[in-house]
1. Under the classification rounded if a/c is under 1.5, otherwise prolate if a/b is larger than b/c and oblate if not, where does region 23-97 fall, given a ≥ b ≥ c as square roots of the Cα gyration tensor eigenvalues?
2. Out of the chymotrypsin sites (Phe, Trp or Tyr not before Pro) in region 1-91, which ones are loop residues according to DSSP with at most 15 other C-beta atoms within 10 Å?
3. Mind checking the log10 I(q)/I(0) for the chain at q = 0.12 Å⁻¹? Debye, one equal scatterer per Cα, no solvent, two decimals.
4. Given the DSSP H assignment, sum -39500 (n - 2.57) over each helix run of at least 4 residues in the chain and divide by its residue total; what's the result at 222 nm in deg cm²/dmol, nearest 500?
5. Would you tell me the accessible area of VAL43, worked out with a 1.4 angstrom probe on the heavy atoms of the protein chains, in Å² to the nearest 10?
6. Gap in Å between the Cα centre of region 113-139 and the Cα centre of region 17-62?
7. Taking just the alpha carbons, could you work out the radius of gyration and Dmax for region 75-168, both in angstroms?
8. Under the classification rounded if a/c is under 1.5, otherwise prolate if a/b is larger than b/c and oblate if not, where does region 145-274 fall, given a ≥ b ≥ c as square roots of the Cα gyration tensor eigenvalues?
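The values are calculated or read from the model by the stated rules, or taken from the named source; none is laboratory data. Note that this is a predicted model, so its numbers are computed, not measured. Neighbour counts run over all protein chains shown; Cβ positions are idealised from the backbone, glycine included. Heavy atoms of the whole protein, side chains included, go into the accessibility calculation; ligands, DNA and RNA do not. Shrake-Rupley method; radii C 1.70, N 1.55, O 1.52, S 1.80 Å.
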Amino acid sequence: MNRNVAIQVARYLGVLLCVTIVAFPIYWLFLMAFKSAEEVYAVPPVYFPAEFNFGSFKALFGASEDAKTLANSMIIATFTTIIAMILGTMCAYSMVRFKTGGNHFAIWIMSQRMLPPIAIVFPLFLAFAFMELLDTFPSIILVYVAFNLPFVIWMMRGYIEDIPLSLEESARIDGCNRWQVFSKVVLPMSRAGIFATAVFTFVFTWNEFVFALVLTNKDIVTYPVQVTGYFAAQQTYWNSVGAMSILGTIPVFFAVVFFQRYLVRGISMGAIKE
């Protein structure tokens, strides 16, 4: 009995140690947003500020460029998620029910997601520069939709495969056409998968850096690119980095919290069976 208790305690201590190692950098980054300039560079380090300083947040909200980058990221991530989910879900349904592309088409589609962004970002830069579409919402949204579509198709294909074909056949017998079957049977039955895939797509787009760095300049700079601007040659503005990191985490945090039950159900469904 004592041996089992010791093993259980050791497990809990191991988990606590792992959580501490993973969470401490996040804690330290967020804490810098509330420290004074002296506390940020203090030696030995200050692990908790003597007084919470909100000057960094006031400076960010006072600077129109900083607030604009968060709005830009929200617009781009939202429209990318909506478009990718609409196109990807319809494509996945076609592949499952009509065998579009053959048996190996899904593998080929997923392989496109594995393509490194750095391999195609500069040809895209030249193409958009030729068409005078650099630093515009349509260009960056188009790239993100194309980049996220393979992931959406692969995930939704697995969810739709779990829907019994007999339900769709019953709906067809009752007089529904193919679009009605898709909207009234397939979409409600795969709702958990849709929300789970949408959250992942939103997070991928929100955090993407390479495409945003090369294809944007000043009009639609996104949040990840803006954060790198605080790392200067002579000085790093750690207070601004911490404050911007907190503000940039809020949309992702609420997206996960609001759709948590769908995420748990969606991840546990058949989308990852292959």
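1. On the way: a/c = 6.06, a/b = 2.36, b/c = 2.56.
Since a/c reaches 1.5 but b/c is at least a/b, the shape of region 23-97 is classed as oblate.
2. Working: sites: TYR12, TYR27, TRP28, PHE30, PHE34, TYR41, TYR47, PHE52, PHE54, PHE57, PHE61, PHE79; in loops: PHE34, TYR41, TYR47, PHE52, PHE54.
Hits after loop and neighbour filter: TYR41, TYR47, PHE52, PHE54.
3. Scattering profile of the chain, log10 relative to I(0): -0.92.
4. Details: 14 runs with 198 residues, N = 274.
Result for the chain, helices only: -23500 deg cm²/dmol.
5. 140
6. 36
7. Final numbers for Rg and Dmax: 15.5, 51 Å.
8. Numbers: a/c = 3.48, a/b = 2.65, b/c = 1.32.
Because a/c hits 1.5 or more and a/b exceeds b/c, region 145-274 counts as prolate.
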